[in-house]
Structure formats: C-alpha cells, structure tokens
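Engineer: My questions will all concern the structure given below.
No lab work stands behind these numbers, since they all come straight from the coordinates. What you are looking at is a predicted structure, and each value in this text was computed from that prediction instead of being measured. Note: ideal-geometry Cβ built from the backbone for every residue, glycine included; neighbour counts use all protein chains shown.
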Amino acid sequence: MTSVDARGCRITGATPAGLAAFERAVAAFQNWRTGADAEVDLALQEAPGLVMAHVLRAWLLLCSRDPQRVRLARPVFACAASLPCSLREQRHLAAIAAVLGDDYEGAKSALGALLKLHPRDVLALQVVHALDHVTGDMAAMRERVSAVLPDWSYSMPGYHAVLAMHAFALEECGDYARAEEAAHAALKANALNARAHHALAHVFEMTDRADDGVQWMNRHIDAWGKDTVVATHCRWHLALFHLARGEFDVALALYDRYMRAGSGDIADLIDAAALLWRAELAGGDPGVRWAELAQAWEPRIDDGFCSFNDLHATLAFVGARDWGRAHRLEQSLSHAQQLPTRHGETTRQLGLASCRALIAFGTGNDALAITLLASLPATAHRLGGSHAQRDVLHLTLQKAVERMRRPARRPRIGEALA
C-alpha cells in the first residue's frame, strides 16, 4: 500500500495508524524530544511493511558516535531492504548501507542527491545535517538547508525544525546575527523546539554573551530540559556560561547533578570530559570527579570509531593523571592510523597528534603540546562537533602558551592543570 506523508512524499507499506505513529516519531526526532523509538515501534506494530519506519529506526541508531548503537542498525537495514519500496526509499537504504560500510561521504552524497529530488524529505535533511556535523562539514551543512528552504513554509508540519537546522548551520559558519534570527523564527513556530534553544546557546557562547546565555537557558528550561535528548548537553552549555562568569561552584554543581553519575551514553561522556577540562583550565578543581570519569571512559579505549570520542577520552585520562589508560589509548590510535578506514584517516590527520598534545600538556611538556597543537592542519574541524566543542584544543593551546611565558606557574605531574 502506498500513501503520502505529511510533507507530500510517497510512502510505502503504510496503514492509517502506522502512518500516524510514524509522523509522531518524525516530529519527536525533528524536535530532539524523547519518544521517537517508542513511536517507531508502534508504527511497525501497526504496519510491519512501512519502509520509512524501518528507515527511521535505522537512522535513530546511525546518527550516533557510539559504534555499539551503529552496529544495531544492521538487522534493521536487512529487514527494510527485503521490503518493496519506492525509489526515494531505495535512496535512503543506499545511504544507510553506506554508513554501515563506513562510507559517510557516500551517504552524504546519496542523501544530497535525494534532497534535490525531494526537498521536503525532512528525514533525509535531518540525517545529512547530522552527518555533516559529525564530519565537520559546516559549509555543506549550511548549503543543504539553504537549498531546501524555498520549498518549505510555515503551513508545513516541521518547518520550525528546518529553521532550527538553518540556525545551527548559520552559527557554525559564523553568521551569528542571522543564526539568532532563524532560531527565534523557529521558536515562534514552536516554542518547544529544543534544537532551536540549543542553537541559541551556541550563538550566546560564540558571541561571549554568558549573561544572556544563563538568562535564556534558565527562562526556557521547561522547553529544552524536560523530555528531550539534549537535556544534559544543554546543561553543559549552561555550565559553560557559569564558567565564563567565574562561577565554578555552580558549573560543577550542574556537573554533579546531571553528568557525574552518567548514563554511559557517549554524548554524556563527551560533555562530562569537556566540562571538567574547561573548569580546570579556568582555575577550578574537579577533584575525584576525574578518576570517576576516566573509569567510565576506559571501555571506549579500543572503539576505533570516532576521533572526536578519542579526543574526549584523552581529556578524561589526562585530567585524572591516569597515564596508563592515556598511553593505552595512544597505542590504540598509533595502530588505528595505519588502517584504511574513516577513523584511520582522521587519526592520521588529527586524532593521534591531538591525543599526544594533550598528554604532553598534562605532563607539563608545554613546548611539545604547543608544537603539536599549532601544527594541526586547517582541516582540524574534520574532527566533527561544534566550534564550541572543538574550542577545547584552542583553550589548551592558550594555557600552554601562558605557562611557557610564566614558567614558575607550570605544574608538575599530579598537580592541577591550571
């Protein structure tokens, strides 16, 4: 059975109840709210042959930096590939196959071609937006959203999410005024769009408006802090604003309440490491939190999947002065750089040098840390993540230079980084 979704795209294998659940799942995914998985389950109970529900389930797993989640998408893909489907749906499946084959650029190309034919395929847009982010391709992220905007309007369901994607892409490309305008336009359409609030947090961070950031995030906490997939990450942003105001106790209290115990989710581990490192660079004292976090990162040493993850694992190990784990990761990356994989390439270009730079910094070898960090190529953004997240390397370089200029303040191993 072929139907049409809420944006006018033909969809195979739907029933009325299955399609309704699928649309609820898409809306949750668009708005970064919880519940998408449950709605996909319901959609497939109602319509087992609903190809796009299988596709959405696969993308929910694949839009992750966690290799364990990515592997779970294989049987989902196999099931979807066995079903009758349209050409548009086949293009989704081809992109899924590319990600499973470690060909992220191939997946981005397939989804980009799909959007030229179906500019209102919001799932394709959101996924390629995420893949551009993971691969550090800011220009493509901006251009893809800009290209489809003329085909959207406020009368279409989910337009607010497209505007929020536009806002984030503009922010990552340094167009902060237009990014802020787009985020507010998204929130005018849907005040509960968590990704628009997240985009504003980035604007405040990149324009050094910590006071505005604290006020906005606290005023709108019900929109981004409840039943969203970015509740922890947005509190990371809030903590950064407090660090910028010198409020270490407040920032670490946010860490203790929302990040310290940890869900084990890779995104939460990344936020935890990044916050503690920044706190210590700024003169705070994370104390035993470092050792707890290093232990949580230990199972990820041999993931061999994402250089952005490796960078944050290194932060945790160096912050804890856990040189055994730090050097285990370094050895793992030394091996990984020889592999003909996506991770191997980013490790050769960026990951191993970044890891060694952070270890050098942690042991007080500022000259080596400066040499390694300053020699990172102009493509360092290919580590993925946002400017605000990658800024940790720049902040570390600044601190190393400061310590070189004021050698009396350089720490010995076991003393605080600051």
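Engineer: Which of Gly262, Gly283, Ala316 sits farthest toward the positive end of the charge dipole of the range 260-418, with +1 on the Cβ of Lys and Arg and -1 on the Cβ of Asp and Glu?
Structural biologist: After comparing all options, I get Gly283.
Engineer: Determine the dipole magnitude for the chain: charges of +1 sit on the beta-carbon of Lys and Arg, -1 on that of Asp and Glu, nothing else is charged, the reference point is the Cα centre, and the result goes in debye to the nearest 20.
Structural biologist: Approximately 480 debye in magnitude.
Engineer: Evaluate E = 1/(1 + (r/R0)^6) for Thr15 and Ser146, where r is the Cβ-Cβ distance and R0 equals 25 Å; express this FRET efficiency to the nearest 0.05.
Structural biologist: 0.10
Engineer: From Cα pairs below 8 angstrom and at least 6 apart in sequence, can you work out the relative contact order of the chain, rounded to a whole percent?
Structural biologist: 11 percent
Engineer: What is the gain in length, in nm to one decimal, between Val401 and Asp175 on full extension, counting 0.36 nm per residue of separation less the C-alpha to C-alpha distance? Could the numbers behind the result be given before it?
Structural biologist: Numbers: separation 226, 0.36 × 226 = 81.36 nm, distance 2.93 nm.
Between Val401 and Asp175, full extension yields 78.4 nm more.
Engineer: Sort Tyr104, Tyr258, Tyr176 so that the residue with the fewest other Cβ atoms within 10 Å of its own Cβ comes first and the one with the most comes last.
Structural biologist: Values: Tyr104 19, Tyr258 22, Tyr176 16.
Going from least to most buried by this count: Tyr176, Tyr104, Tyr258.
Engineer: Over the residues of the range 1-106, compute the C-alpha Rg and express it relative to 2.2 N^0.38 Å.
Structural biologist: On the way: Rg = 13.0 Å, N = 106, 2.2 N^0.38 = 12.9 Å.
Taking N as the residue count of the range 1-106, the ratio is 1.00.
Engineer: Give, in nm to one decimal, the length gained when the segment between Arg245 and Ala78 is fully stretched (0.36 nm per residue of separation minus the Cα-Cα distance). Write out the running numbers ahead of the final one.
Structural biologist: Details: separation 167, 0.36 × 167 = 60.12 nm, distance 5.09 nm.
That pair, Arg245 and Ala78, stretches by 55.0 nm at full extension.
Engineer: If packing is taken as the average number of other Cβ atoms within 10 Å across a peptide's residues, how do 287-295, 351-359 rank, most packed first?
Structural biologist: Top to bottom by mean Cβ count within 10 Å: 351-359, 287-295.
Engineer: Give me, ordered by chain and number, the residues 5 or more places off Arg33 or on other chains with an amide H under 5 Å from its own placed amide H.
Structural biologist: Result for Arg33 returns Val229.
Engineer: How many nm is it between the label spots at Leu339 and Leu87, if each spot is 7 Å from the Cα in line with the beta carbon?
Structural biologist: Calculated label separation equals 3.8 nm.
Engineer: Note down the magnitude of the dipole of the range 60-106 about its Cα centre, charges +1 on Lys and Arg C-beta and -1 on Asp and Glu C-beta and zero elsewhere, to the nearest 20 debye.
Structural biologist: 160 debye
Engineer: Here is a follow-up. By the scheme Lys and Arg +1, Asp and Glu -1, what is the net charge of all other residues having a beta-carbon under 15 Å from that of Ala38?
Structural biologist: The answer is -3.
Engineer: Now for a different question. Where the only charges are on Cβ atoms (+1 Lys, Arg; -1 Asp, Glu), what is the dipole of the range 260-418 about its Cα centre, to the nearest 20 debye?
Structural biologist: 580 debye
Engineer: If you take the Cα atoms of the range 189-316, find Rg, then find the Kirkwood Rh from the mean of 1/r over all pairs, what is Rg/Rh?
Structural biologist: Using Cα coordinates only, the ratio equals 0.97.
Engineer: How far, in nm, would the chain grow between Gln68 and Ala374 when pulled straight, counting 0.36 nm per residue and subtracting the alpha carbon separation?
Structural biologist: Gain on extension, Gln68 to Ala374, equals 106.8 nm.
Engineer: Would you mind pulling out the separation of the Cα centroids of the range 105-180 and the range 5-74, in Å?
Structural biologist: A separation of 19 Å, based on Cα centres.
Engineer: How large is the convex hull of the Cα atoms of the range 260-418 per residue, expressed in Å³ as a whole number?
Structural biologist: Convex hull volume per residue, Cα atoms: 98 Å³.
Engineer: Give me the Kirkwood hydrodynamic radius of the chain, using the inverse of the mean 1/r over all pairs of distinct Cα atoms, in Å to one decimal.
Structural biologist: The answer is 22.1 Å.
Engineer: Given the options Phe168, His242, Met206, identify the residue whose Cα lies farthest towards the positive end of the charge dipole of the range 149-279 (+1 on Cβ of Lys, Arg; -1 on Cβ of Asp, Glu).
Structural biologist: After comparing all options, I get His242.
Engineer: Determine the sum of side-chain charges near Ala25: Lys and Arg each +1, Asp and Glu each -1, restricted to other residues whose C-beta is under 13 angstrom from that of Ala25.
Structural biologist: Neighbour charge sum, excluding Ala25 itself: -3.
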